[in-house]
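Working notes, beginning with the structure itself.
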Amino acid sequence: MTKTISTRISEHISLEAYIEGFTKAYHEKNRFKKIVHKYLNMSIFRKFSVGLKKRFSKKSYIKETNDIIKEYATKIYEKTRKDAEIDKGLAEIENTNSEIDHIEDGLEGVLLKKNAAATEYLDTNKKKEEAIANTHNEFEEKKTNEEMLAEQEKEAIQRETDVEVITKEKLKEYLLNQDTIEVSEDGIVNFHSGNIMKAFEKKFLNLIVDGIERDSGERGFMSTAKGIYDGTIAYYAEMDDYSELGRVDWVQTMINTRLYGYKRPMRPDHFIVGKLEGFARTTVDSATIIDTSGSMNHNYRFLAAKEAGLASKAMMSELNPDNNSYLALFNNDVWEVTSEELYKTTCPRWAGTETDLALDWLFDTLVGKLSIAQLITDGEPNSVNDAVKSAQRFRDHPYIKLVIYLVDGDRSSKEATRKIGMAAGPETKIIQLNNYIPKRNPLGRDNTLGKSIIKNIPEAISEMMSVEAF
């Protein structure tokens with residue numbers, strides 16, 4: 001009886017009421033949320049997607065959770081309706097049994113009409129069995145029909161959602177194949193911080209290069225830089241490996257292929273390519289150290305320097321993946337940093353400028369290597385004499401191309417930087433610039449410091465190639 005009353009009550013509850021009640025429970029009770037996810041057999045990817053939306057897009061998160069709750073409420077609502085139909089059929093059987101029991105009670109009081117009562121009892125009992133059988137058959141038939149309808153509805157929904165499922169699977173496959181996503185052995189999906197930073201480095205490089213090309217009105221800056229790095233074609237010969245495909249001479253290749261007895265080139269030695277002079281087979285390392293004294297907070301200097309340092313690292317990797325790039329920061333001390341650590345670093349309000357330590361780090365990091373050393377600062381050293389002594393170490397090592405970027409320097413700091421540059425030798429380059437930043441677009445392609453550094457890299461490499469001793 002209790003179940004029948006509960007079923008009757010549930011028959012009067014609308015789907016909207018289910019959704020309203022479940023919505024509140026879903027957002028307030030974590031246990032209920034887990035029950036919903038398990039009942040809907042939600043995939044790890046869908047849970048991960050809900051988590052991302054909750055973190056990054058409140059609007060998308062609300063829409064996604066509303067869809068989940070509606071789907072769960074609809075299934076519970078439909079199941080309750082089916083249970084109500086079953087209870088109704090069982091109630092009819094129960095009522096029939098009650099009527100039969102009433103007849104049996106009446107027969108017990110009619111002892112004088114034993115034969116008639118016996119006959120009536122047998123007839124009644126037969127009717128009872130027939131009624132039970134008919135009711136059971138009707139119930140089974142009704143149940144079968146409802147199951148058929150439910151299966152048909154399921155197939156219709158499946159057909160409608162096939163496109164969505166395929167799209168989601170393709171999206172999942174695409175995301176998991178991204179370099180910025182990694183999956184642990186336990187199947188946990190996370191962001192790959194190292195590859196994300198490489199993407200940031202490439203983004204900063206692209207923005208700065210876009211600014212350089214916009215200023216010059218010419219495209220192809222990176223192609224020109226790569227050409228300078230690779231050098232010129234000295235002679236033609238058979239290709240060593242497929243990395244040289246970009247320099248294939250197709251006419252000579254077809255002639256060479258026929259000499260081998262083939263109609264089309266099939267092996268590396270069938271291809272005739274231009275062999276390069278210059279750095280195509282040589283690595284050029286770089287090291288960038290950035291001043292973090294308090295004054296670097298002014299006029300977006302440190303923010304611009306960080307972008308420039310990361311973009312410089314990306315450019316050296318673009319020129320040759322085997323190039324090593326090093327990053328460091330200095331004020332009263334020097335400490336080497338990763339790209340991620342540099343990106344997260346902020347300047348202290350008060351700190352000194354130990355330029356001598358910065359120059360020592362550049363020299364010790366690059367000594368013995370064909371390399372570019374970059375010092376970014378905006379102020380006068382704590383000790384000009386100490387900085388001059390450290391700079392003198394570069395004089396006997398011309399293959400370390402030292403470039404000092406003085407940002408927003410005053411008269412005193414410019415004079416100090418001039419002395420440091422003279423001490424380092426005639427190959428040292430000093431670039432003085434004003435870090436003018438437009439208010440509406442403080443960084444990116446309008447990064448004056450970044451453009452100066454990126455433009456200077458191919459120039460420094462070109463100067464290396466012109467050194468007679470090289």
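The values are calculated or read from the model by the stated rules, or taken from the named source; none is laboratory data. What you see is a predicted model; the values in this text were computed from it and never measured. For neighbour counting, all protein chains shown are included, and Cβ atoms are generated from backbone atoms with ideal geometry for every residue, glycine included.
Quick rundown of the values:
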{"quantity": "Criterion violated by Lys414 - all others in (1) out of contact with any His (no Cβ under 9 Å at 6 or more places or on another chain); (2) in contact (Cβ under 8 Å) with a residue 24 or more places away in the chain satisfied", "calculated": "(2)"}
{"quantity": "Sole residue being buried (at least 18 other Cβ atoms within 10 Å of the Cβ) and either on the phi > 0 side of the Ramachandran plot or of a type in the set (D, E, K, R) (or both), chosen from Asp291, Asp333, Asp322, Asp364", "calculated": "Asp291"}
{"quantity": "So Ala308, is it closer than 22 Å to Asp408 by Cα and touching a strand residue (DSSP E or B) at 6+ places or on another chain (Cβ under 8 Å)", "calculated": "yes"}
{"quantity": "Number of positions in segment 62-120 that are at pLDDT 75 or above and of a type in the set (S, T, N, Q)", "calculated": "5"}
{"quantity": "Contacts under 6 angstrom Cβ, first residue in segment 119-132 being without any contact (Cβ under 8 Å) to a residue 24 or more places away in the chain, partner surrounded by 13 or more Cβ atoms within 10 Å (Cβ to Cβ), 6 or more apart", "calculated": "Tyr121/Leu107"}
{"quantity": "Any hit, segment 350-360, residues being surrounded by fewer than 18 Cβ atoms within 10 Å (Cβ to Cβ) and charged (D, E, K, R)", "calculated": "no"}
{"quantity": "Odd one out for Glu64 among (1) over 30 Å from Leu90 (Cβ atoms); (2) part of a loop (DSSP other than H, G, I, E, B)", "calculated": "(2)"}
{"quantity": "Filter pass, Pro426 being touching a Gly at 6+ places or on another chain (Cβ under 8 Å) and over 16 Å from Ala358 (Cβ atoms)", "calculated": "no"}
{"quantity": "Qualifying residues in segment 398-415 (those that are crowded, with 19+ Cβ neighbours inside 10 Å and out of contact with any Lys or Arg (no Cβ under 8 Å at 6 or more places or on another chain)) - the one nearest to Thr365 (Cα to Cα)", "calculated": "Tyr405"}
{"quantity": "Pairs with Cβ under 8 Å, 6+ apart, first in segment 224-243 and modelled with pLDDT under 75, second in a strand (DSSP E or B) and among the β-branched types (Val, Ile, Thr)", "calculated": "Tyr236/Ile272; Tyr236/Val273"}
{"quantity": "Subset of segment 412-470 [of a type in the set (Lys, Arg), modelled with pLDDT of 75 or more and farther than 15 Å from Phe221 by Cβ]", "calculated": "Lys414, Arg418, Lys419, Lys429"}
{"quantity": "Only listed residue being touching a residue at least 60 places away in the same chain (Cβ under 8 Å) and assigned to a helix (DSSP H, G or I), chosen from Phe22, Phe32, Phe45", "calculated": "Phe45"}
{"quantity": "First in segment 286-305 and under 21 Å from Ile372 (Cα atoms), second anywhere and among the aromatic types (Phe, Trp, Tyr) and part of a helix (DSSP H, G or I), Cβ under 7 Å, 6 or more apart", "calculated": "Ile289/Trp361; Thr292/Phe302"}
{"quantity": "Enumerated helices (runs of 4 or more DSSP H) restricted to segment 312-397, each holding at least 3 residues that are within 32 Å of the chain's Cα centre (by Cα) and over 14 Å from Gly421 (Cα atoms)", "calculated": "339-344"}
{"quantity": "Pair list, Cβ under 7 Å, 6 or more apart: segment 418-432 residue closer than 11 Å to His397 by Cβ, other residue assigned to a strand (DSSP E or B) and of a type outside the set (A, V, I, L, M, F, W, C)", "calculated": "Glu427/Lys401"}
{"quantity": "Candidate set from segment 271-288 (those that are aliphatic (A, V, I, L, M) and in contact with a Phe, Trp or Tyr (Cβ under 6 Å, 6 or more places away or on another chain)); member that is modelled with the highest pLDDT", "calculated": "Ala287"}
{"quantity": "Residue that is farthest from Tyr300 (Cα to Cα), among those in segment 398-423 that are among the basic types (Lys, Arg) and not in a strand (DSSP E or B)", "calculated": "Lys419"}
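Per-residue answers, yes or no, for (1) under 41 Å from the mean Cα position of the chain (by Cα); (2) modelled with pLDDT of 65 or more:
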| site | (1), (2) |
| --- | --- |
| Ile132 | no, yes |
| His136 | no, yes |
| Phe139 | no, yes |
| Thr144 | no, yes |
| Val163 | yes, no |
| Lys168 | yes, yes |
| Lys172 | yes, no |
| Asp179 | yes, no |
| Gly194 | yes, yes |
